[in-house]
Amino acid sequence: QVQLVESGGGLVLPGGSLRLSCAASGSIFSIYAMAWYRQAPGKERELVARILSGGLTSYADSVKGRFTISRDNAKNTVYLQMNSLKPEDTDVYYCNVHGTLLGSRASFSSWGQGTQVTVSS
């Protein structure tokens, strides 16, 4: 009932920048949290950044000062601006959205398909 489409991943040199986008669509009544996670092969998925409906943000210590999460409520879209990228930022990045559905007002949690970010020279 809720679909997420991610874009913006790719290959970048160390020190470079990328901007990820994730657009949510479907039977959405409201969204209260949007987040980005990342996962390397054989490792657990880890939270990178989260933004709540009021704009409050939080970040993993490893990305503070380099990554910025933002959202466009009118477009149900979340962004992750990644600057000063390091090789250790190489991962598959997933967006996650929490909200409520139209009609039933049931809560939902949806995941994007993942986008590869590779930082390498």
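The values are calculated or read from the model by the stated rules, or taken from the named source; none is laboratory data. What you are looking at is a predicted structure, and each value in this text was computed from that prediction instead of being measured. Reconstructed Cβ throughout: ideal geometry from the backbone, glycine too, with neighbour counts over all protein chains shown. Each accessible area value is taken on the protein alone, full model and side chains, heavy atoms only, with ligands, DNA and RNA left out. Shrake-Rupley method; radii C 1.70, N 1.55, O 1.52, S 1.80 Å.
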Taking the residues in the range 36-59 that are part of a loop (DSSP other than H, G, I, E, B) and out of contact with any Lys or Arg (no Cβ under 9 Å at 6 or more places or on another chain) as candidates, determine which candidate is most open to solvent (accessible area, probe 1.4 Å). 44
Out of the range 101-121, which residues are under 22 Å from the mean Cα position of the chain (by Cα) and under 23 Å from residue 17 (Cα atoms)? 112, 113, 114, 115, 116, 117, 118, 119, 120
Residues of the range 16-43 classified as of a type in the set (D, E, K, R) and modelled with pLDDT of 95 or more, total: 2
Quick one: in the range 68-89, of everything that is open to solvent by less than 40 Å² (accessible area, probe 1.4 Å) and assigned to a strand (DSSP E or B), which residue is farthest from residue 18 (Cα to Cα)? 77
Pick out the one residue from 92, 117 that is β-branched (Val, Ile, Thr), part of a strand (DSSP E or B), in contact with a helix residue (DSSP H, G or I) (Cβ under 7 Å, 6 or more places away or on another chain) and closer than 21 Å to residue 8 by Cβ. 117
Tell me which residues, restricted to the range 10-35, are of a type in the set (Val, Ile, Thr), farther than 19 Å from residue 121 by Cα and either over 15 Å from the mean Cα position of the chain (by Cα) or not in a strand (DSSP E or B) (or both). 28
